[in-house]
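Participant: This is the structure I want to talk about, given as structure tokens.
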Amino acid sequence: MIAIIDYEMGNIGSVYNMLKKIGVKSVITKEKSVIEDAEKIIIPGVGAFDSGMQQLAKYDLISLIKKKVLEEKTPVLGICLGAQLMLQSSEEGMEPGLGLLKGSVKRFDFSIIEENLPIPSMGWNQVFVNKKSSISDSLPIEPRFYFVHSYHFELENEADILMTSEYGYKFTSAFENGNIAGVQFHPEKSHKFGMALLGNFSKSF
């Protein structure tokens, strides 16, 4: 059973509906006992970094998530804000992240390319798989996903980079290290590509 953590930060129902569509059992929950028993965890989310961490703290879920992921090695998938919260910090706010993986969240900076692109980046964008992974295995040809974001991951270890994309410059659009994975895009809004990725997560590990 997959627990979709409900910390009231958006897009949760869409994730549940997509999993249901591909025949994967999941539950939307903020109940500790349910999360403790979960075989896998999804942390979705839309919104600001500090608000996300404050909501997790409000429901006393931070230590439980860390225990499940870091100690018990429960597979976890972060989506959009949920993935950003899995890193150590963000330029968007002052709160510390969950620190499940070494890295931070950076705002797009187009001064380095002398081009002024719209922020947030919104719409479909191609991803390029950086390494072999059960999550990215057998995705449809030329995989692309739906993005809405102003910030992107900056990882400490290049080996953790699972996918990259281009928006003005190359950025990390997905990461993976062992049981820990996160994607900046929205698989729940990405049709066959999202169904394939979520299906892979449900069957992996």
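The values are calculated or read from the model by the stated rules, or taken from the named source; none is laboratory data. The shown structure was predicted, so the numbers you read here are calculated from the model rather than taken from an experiment. Here Cβ is always computed from backbone atoms with ideal geometry, including for glycine, and neighbour counts include all displayed protein chains.
Participant: Check V127, V76 and return the single one that is at negative phi and either at pLDDT below 95 or in contact with a Ser or Thr (Cβ under 7 Å, 6 or more places away or on another chain) (or both).
Facilitator: Answer to the selection: V127.
Participant: Of all residues being part of a helix (DSSP H, G or I), free of Cβ contacts under 8 Å to residues at least 12 places away in the same chain and not basic (K, R) in region 1-59, which is nearest to S121 (Cα to Cα)? Just the residue, please.
Facilitator: The extreme case among them is A57.
Participant: Another question, if that's okay. Pull up region 159-186, narrow it to residues that are in contact (Cβ under 8 Å) with a residue 60 or more places away in the chain and out of contact with any strand residue (DSSP E or B) (no Cβ under 8 Å at 6 or more places or on another chain), then point me to the one that is nearest to D109 (Cα to Cα).
Facilitator: Only one residue tops the list, namely G168.
Participant: Continuing with this model, one more query. For region 95-147, what are the residues that are among the β-branched types (V, I, T) and either touching a helix residue (DSSP H, G or I) at 6+ places or on another chain (Cβ under 9 Å) or closer than 30 Å to E71 by Cβ (or both)?
Facilitator: Answer for region 95-147, where residues must be among the β-branched types (V, I, T) and either touching a helix residue (DSSP H, G or I) at 6+ places or on another chain (Cβ under 9 Å) or closer than 30 Å to E71 by Cβ (or both): V105, I119, V127, V129, I135.
Participant: Going by the conditions given, is G45 among the small types (G, A, S), closer than 17 Å to I180 by Cα and either loosely packed, with under 13 Cβ neighbours inside 10 Å or touching a helix residue (DSSP H, G or I) at 6+ places or on another chain (Cβ under 9 Å) (or both)?
Facilitator: yes
Participant: Show the residue pairs that are 6+ apart or on different chains and have beta-carbon atoms under 8 Å apart, the first residue being within region 97-109 and in contact (Cβ under 8 Å) with a residue 12 or more places away in the chain and closer than 16 Å to E72 by Cα, the second being charged (D, E, K, R) and surrounded by fewer than 22 Cβ atoms within 10 Å (Cβ to Cβ).
Facilitator: L98/K66; G99/K66; L100/K66
Participant: Hey, can you tell me all the residues within region 148-175 that are closer than 14 Å to G78 by Cα and touching a helix residue (DSSP H, G or I) at 6+ places or on another chain (Cβ under 6 Å)?
Facilitator: If the condition is that a residue be closer than 14 Å to G78 by Cα and touching a helix residue (DSSP H, G or I) at 6+ places or on another chain (Cβ under 6 Å), then F175 is the only one that fits.
Participant: Within region 140-162, work out how many residues are more than 21 Å from L98 (Cα to Cα) and either hydroxyl-bearing (S, T, Y) or in a strand (DSSP E or B) (or both).
Facilitator: 5
Participant: A follow-up question, please. Under 9 Å by Cβ, and 6 or more places apart or on different chains, what pairs join a residue from region 194-205 that is under 12 Å from I2 (Cβ atoms) with one that is among the acidic types (D, E) and assigned to a helix (DSSP H, G or I)?
Facilitator: Listed pairs, sorted by first residue: L198/E188.
Participant: Sticking with this one: What's the total number of residues in region 172-196 that are under 19 Å from N130 (Cβ atoms) and within 12 Å of the chain's Cα centre (by Cα)?
Facilitator: Looking only at that region, the number is 12.
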